[in-house]
Amino acid sequence: MNEPRRERSTEAFFGRRSGKTLRPMQRSIRDELLPLLKLDLTKPAPSDLRTLFSAEVEAVRMEIGFGGGEHLLHEAARCPTSGFIGIEPFINSMAKLVVDLHDNPLQNIRLYDDDATQVLDWLPKASLNGIDLFYPDPWPKKKHWKRRFVSQKNLDRFARVLKPGSIFRFASDIDTYVNWTLQHCRIHDEFDWQVATAADWHTPYEAWPGTRYEQKAHREGRTGAYLTFLRR
């Protein structure tokens, strides 16, 4: 059975929505659990995002494009007093994460399975304590660079929803995308690159669990860059 085609157009998501057909168990768990965890953007966002979670949390972070969910699950388990909004439009990745949550429940995760810009525009101003964007689609062909998620418009969105003093973290193994992100953040008034030595941006983040995509990049001879930007 094919997954239904998305009807809503998106601003910042391009590419495939799904891969292999979900197994019946995956589809059943996804259909049961995702509606309970998914953000409802038809209602106004709460002024205090901490109320989105059944766990008592002190801060709220967002991960855009969580892929296999390795980092999101690791951080949510490691930081139980933080709430995490995970966004992933790829059907198979979302189903994998939801199955993982079914087997090992966490009360500090909420999800969204469409374009991240929709959530960013829904959130209240200065409501997030951090945004992570790890190994996003690099769109390596120059004619497709305009599809990259890092753009001045999306940095404006980040600046609006991030609290002053919070951070935006970006990781990629594609040199042109790393340089692209540095250039875009350099000319944006609200972000400062946090770096003292070259080792800083070649060193993974604290308690970094790695991801499947990162492992694939390493096997193919590519190394990651780990950038941190402070929201002024």
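The values are calculated or read from the model by the stated rules, or taken from the named source; none is laboratory data. Note that the structure is a prediction, hence the values are computed from the model and not measured. Here Cβ is always computed from backbone atoms with ideal geometry, including for glycine, and neighbour counts include all displayed protein chains. The accessibility values were calculated without ligands, DNA or RNA, using every heavy atom of the protein model including side chains. Shrake-Rupley method; radii C 1.70, N 1.55, O 1.52, S 1.80 Å.
Structure above, values below:
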read-out	value
Positions within the stretch 67-85 being in contact with an Asp or Glu (Cβ under 7 Å, 6 or more places away or on another chain), part of a loop (DSSP other than H, G, I, E, B) and under 21 Å from Asp48 (Cβ atoms), in sequence order	Thr81
Enumeration of residues in the stretch 72-84 that are surrounded by fewer than 24 Cβ atoms within 10 Å (Cβ to Cβ) and touching a strand residue (DSSP E or B) at 6+ places or on another chain (Cβ under 6 Å)	Ala76, Ser82
Complete set of residues in the stretch 156-178 that are of a type in the set (A, V, I, L, M) and within 13 Å of Gly130 (Cα to Cα)	Ala159, Val161, Leu162, Ile167
The stretch 102-120 residues that are in contact (Cβ under 8 Å) with a residue 12 or more places away in the chain and small (Gly, Ala, Ser), paired with ones that are open to solvent by 40 Å² or more (accessible area, probe 1.4 Å) and in a loop (DSSP other than H, G, I, E, B) (beta carbon under 9 Å, 6 or more apart)	Ala116/Phe13
Unmet requirement for Arg169, which otherwise passes all of (1) open to solvent by 50 Å² or more (accessible area, probe 1.4 Å); (2) under 18 Å from the mean Cα position of the chain (by Cα)	(1)
Inter-residue pairs, beta-carbon under 9 Å, first polar (S, T, N, Q) and in the stretch 43-56, second open to solvent by 90 Å² or more (accessible area, probe 1.4 Å), 6+ apart	Ser54/Gln107
Neighbours by Cβ (under 8 Å, 6+ apart or cross-chain): first from the stretch 141-155, farther than 16 Å from Val178 by Cβ; second at pLDDT 95 or above and in a helix (DSSP H, G or I)	Gln152/His184; Asn154/Thr117; Asn154/Leu120
Residues (of a type in the set (A, V, I, L, M, F, W, C) and crowded, with 20+ Cβ neighbours inside 10 Å) located in the stretch 127-148	Leu128, Ile131, Leu133, Phe134
Filtered residue count, the stretch 56-71, keeping only those that are closer than 18 Å to Phe134 by Cα and open to solvent by 20 Å² or more (accessible area, probe 1.4 Å)	4
Selection status of Thr176, β-branched (Val, Ile, Thr), within 13 Å of Leu227 (Cα to Cα), out of contact with any Gly (no Cβ under 9 Å at 6 or more places or on another chain) and surrounded by 14 or more Cβ atoms within 10 Å (Cβ to Cβ)	no
Extreme residue, most open to solvent (accessible area, probe 1.4 Å), among residues of the stretch 17-55 that are farther than 15 Å from Asp113 by Cβ and among the small types (Gly, Ala, Ser)	Ser47
Residue list for the stretch 202-224, restricted to those being more than 14 Å from Leu133 (Cα to Cα) and touching a residue at least 60 places away in the same chain (Cβ under 8 Å)	Ala207, Pro209, Arg212, Ala217
Set Pro164, Pro204: member being open to solvent by 20 Å² or more (accessible area, probe 1.4 Å), closer than 25 Å to Gly69 by Cα and of a type outside the set (Val, Ile, Thr)	Pro204
